[in-house]
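Step one of this worksheet: look at the structure below.
The values are calculated or read from the model by the stated rules, or taken from the named source; none is laboratory data. Worth saying up front: this structure is predicted, and the values here are computed from it rather than measured. So basically every Cβ, Gly included, is an ideal-geometry build from the backbone, and we count neighbours across all protein chains shown.
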Amino acid sequence: MPQEGIANPQAKLPGPFRDLEPFADWALPTERERMAARESSRIEELQVFYSAMMGRLPAIVEYLKQFPLDRMPEDSQRLLEMALSLVEVSIAVELYRRPQVINGFDRSRFAVG
Amino acid sequence: MKTVMKERRWVEKYPDLGTGPVAAEPCISPEYFELERERIFRRSWLNVGNVCEIPERGDYFVRELAVCNASILVMRGQDGVVRGFHNVCSHRGNTLAWDEKGKCRGYLTCNFHSWGYDSSGQLKWVPDEANFFDLDKSQLGLTPVATELFNGFIFINLDPSPRENLTQYLDGLDVQLKGGDFDKLRLARCYKIDEKANWKIGLDAQNEVYHLPFQHRYIMPDLFLANEKGLVRVMDVTFFNRHSVYSCEMNPGHKPTPLESIIMEMAAAGASHCRLPVAGSDFDFYLIFPNFVIIFFRGPTNDSCVTYNFWPLAVDRTIWEIRCYSAPLQNAAERLAEEFALTRTRLVFDEDATAHETVHTGLKSRAKKYLLFQDEEIQIRHFHKVVEEHVGPATGA
């Protein structure tokens, strides 16, 4: 078990948030990737990720605020990207109640980013 | 609340715009579209971007203006001046810059025979120059295009001698939009939608809020101030000759989603560092004729803006370019608030683009000859009137 405050090269997320590591695949750097991940997931998967992240969001943001955005340590950057994925996933969970946008546009003609 | 909920307010204020039906033919007629190319797009000031996209000397971007059969190169010279050119080599007319954006380090060279231009468009290098005849490089720079700036937004005019400068063209809008932290803006995100619809159909669909509780029922059923029946009412509509602005207030009774509540709380705790001239409301939608829109959003601490450029490719095909601008972010809370705003507005584009096409499909059938506008859609009525003043009435309507 790594000690608090000691860098652990195997750890994907900062110490206080290591319990969220099962969701580390949601650390996606671009809006396009986060959008594609939402749309290709099942609503049940999105719901699980949403529930795991929502209660932790204020603590996550409080933690991340100590770093300038352009100089985030790698593990914190991943945590930030997971929080950005939560924003993306909430579209499905809170608004449409399904992974895709209802009456959304043809993806091949909608360039993001 | 500043919004007056009374019905049929705007026709009283702007009786000249009338109340009758408006011809649908200009949205589907190929002949009309050909006239629009010449009488609107080749003679108007057209926005092509913002100076924040080319912050350093030598930075450039290219915009394909298919509607004018032109490729426009916008570049910041070593002297800091932003200039627009036709993106065409002086030798044999090849397209000079092929990338959508880039940096001119020394010379921008043509792929064909390596003719080189500096960042102010001057021809500086011709391989085998001595073998040409009477070649005067000083007269063979890139063909300039009239280029002017307004609050950092870059406008070009393809008329070789524009009849008005940009300030005259804006006709008071420049005064209305004076002040604000425009110099702080950065391009946060860009979306490009290739839609099978007439450019005016897309623009019209954006140019009103009547549709919000219906078409956007999943994402913003109650965001803007509405009357007791839930029908959105704009706070104000003003016309500046060809241009228009409408403003809305946010609904204080809006029910935020759980994530929205958390994010808004975090955002409200931040420090303010960007204010834009939102005209006493929360949302201002400026249509700068013919195809440019600037929308200002009042944020709890920081304002932001989104621009649309509707670029027609054909009577039934349009590239809807969307650029989202905001001040540099200071921390993760602001980053999340921005992502929230961006993703939610992206959903609006997603739902709207679909509807732009279904409207075009409907009109193309010629089942209906006319478009009907209610009082809250008066800004669209104004836009169609301005189009007709430029192009003339559609025959066959």
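Does region B:1-23 hold any residues that are small (Gly, Ala, Ser) and either without any contact (Cβ under 8 Å) to a residue 60 or more places away in the chain or under 25 Å from B:Pro252 (Cβ atoms) (or both), and which are they? Let's see the steps before the verdict.
Step one: list which residues in region B:1-23 are small (Gly, Ala, Ser), which gives B:18, B:20, B:23.
Passing the criteria: only B:Gly20.
I'm checking my understanding of the structure. Among residues of region A:58-82 that are more than 7 Å from every other protein chain (Cβ to nearest Cβ), in contact with a helix residue (DSSP H, G or I) (Cβ under 7 Å, 6 or more places away or on another chain) and without any contact (Cβ under 8 Å) to a residue 24 or more places away in the chain, which one is surrounded by the fewest Cβ atoms within 10 Å (Cβ to Cβ)? The residue in question is A:Phe67.
Could you check, for region B:33-42, whether at least one of its residues is under 30 Å from B:Pro393 (Cβ atoms) and either modelled with pLDDT under 95 or outside any helix (DSSP H, G or I) (or both)? Walk me through it before giving the result.
Quick first cut of region B:33-42, residues under 30 Å from B:Pro393 (Cβ atoms) only: B:33-42.
Keeping just the survivors that are either modelled with pLDDT under 95 or outside any helix (DSSP H, G or I) (or both) gives B:42.
Checking region B:33-42: at least one residue is under 30 Å from B:Pro393 (Cβ atoms) and either modelled with pLDDT under 95 or outside any helix (DSSP H, G or I) (or both).
Answer yes or no: is there a residue in region B:121-143 that is within 23 Å of B:Trp311 (Cα to Cα) and assigned to a loop (DSSP other than H, G, I, E, B). Within region B:121-143, one or more residues are within 23 Å of B:Trp311 (Cα to Cα) and assigned to a loop (DSSP other than H, G, I, E, B). Between A:Ser85, A:Ser90, the distinction of being in contact (Cβ under 8 Å) with a residue 40 or more places away in the chain, facing chain B (nearest Cβ under 7 Å) and hydroxyl-bearing (Ser, Thr, Tyr) belongs to A:Ser90 only. The single condition among (1) over 19 Å from the mean Cα position of the chain (by Cα); (2) within 14 Å of chain A (Cβ to nearest Cβ); (3) buried (at least 18 other Cβ atoms within 10 Å of the Cβ); (4) assigned to a helix (DSSP H, G or I) that B:Ile378 does not meet is (2). Of all residues in region B:67-85, those satisfying the criterion of being more than 11 Å from B:Ala97 (Cα to Cα) and among the β-branched types (Val, Ile, Thr) are B:Val67, B:Val81, B:Val82. Residues of region B:314-365 that are under 11 Å from B:Tyr191 (Cβ atoms), among the aromatic types (Phe, Trp, Tyr) and either more than 11 Å from every other protein chain (Cβ to nearest Cβ) or not in a strand (DSSP E or B) (or both): B:Phe349 alone. So in region A:98-113, with the set limited to residues that are under 16 Å from A:Arg38 (Cβ atoms) and not in a loop (DSSP other than H, G, I, E, B), which one is farthest from the other protein chains (Cβ to nearest Cβ)? Per the criteria, the residue is A:Arg107.
So A:Pro2 fits all but one of (1) surrounded by fewer than 17 Cβ atoms within 10 Å (Cβ to Cβ); (2) modelled with pLDDT of 95 or more; (3) in a loop (DSSP other than H, G, I, E, B); what number is the exception? In the conditions (1) surrounded by fewer than 17 Cβ atoms within 10 Å (Cβ to Cβ); (2) modelled with pLDDT of 95 or more; (3) in a loop (DSSP other than H, G, I, E, B), A:Pro2 misses (2) alone. When region B:192-221 is filtered for residues that are within 13 Å of chain A (Cβ to nearest Cβ) and either in contact with a strand residue (DSSP E or B) (Cβ under 7 Å, 6 or more places away or on another chain) or acidic (Asp, Glu) (or both), the ones remaining, listed by number, are B:Lys192, B:Ile193, B:Asp194, B:Glu195, B:Lys196, B:Ala197, B:Gly202.
Please work out if A:Ser41 is more than 10 Å from every other protein chain (Cβ to nearest Cβ), out of contact with any His (no Cβ under 9 Å at 6 or more places or on another chain), of a type in the set (Ser, Thr, Tyr) and surrounded by 15 or more Cβ atoms within 10 Å (Cβ to Cβ). Can you show your working first?
Details: more than 10 Å from every other protein chain (Cβ to nearest Cβ): yes; out of contact with any His (no Cβ under 9 Å at 6 or more places or on another chain): yes; of a type in the set (Ser, Thr, Tyr): yes; surrounded by 15 or more Cβ atoms within 10 Å (Cβ to Cβ): yes.
Yes, satisfied.
Looking only at residues of region B:271-330 that are under 15 Å from the mean Cα position of the chain (by Cα) and among the aliphatic types (A, V, I, L, M), we find that the one that is farthest from B:Tyr246 (Cα to Cα) is B:Ile319.
Inspect all residues belonging to region A:71-90 and state whether any of them is closer than 22 Å to B:Leu259 by Cα and not in a helix (DSSP H, G or I). Talk me through it step by step, then tell me what you get.
Just the residues of region A:71-90 that are closer than 22 Å to B:Leu259 by Cα, to begin with: A:76-90.
In the following step, the residues that additionally are not in a helix (DSSP H, G or I) were identified as none.
No, region A:71-90 contains no residue that is closer than 22 Å to B:Leu259 by Cα and not in a helix (DSSP H, G or I).
In the set B:Asp99, B:Asp128, B:Asp159, only one residue is among the charged types (D, E, K, R), at pLDDT 95 or above and in contact with a His (Cβ under 9 Å, 6 or more places away or on another chain); that residue is B:Asp128. When B:Val245, B:Val237, B:Val209, B:Val175 are checked against the criterion of being farther than 30 Å from B:Ala332 by Cβ and assigned to a loop (DSSP other than H, G, I, E, B), B:Val209 stands alone in meeting it.
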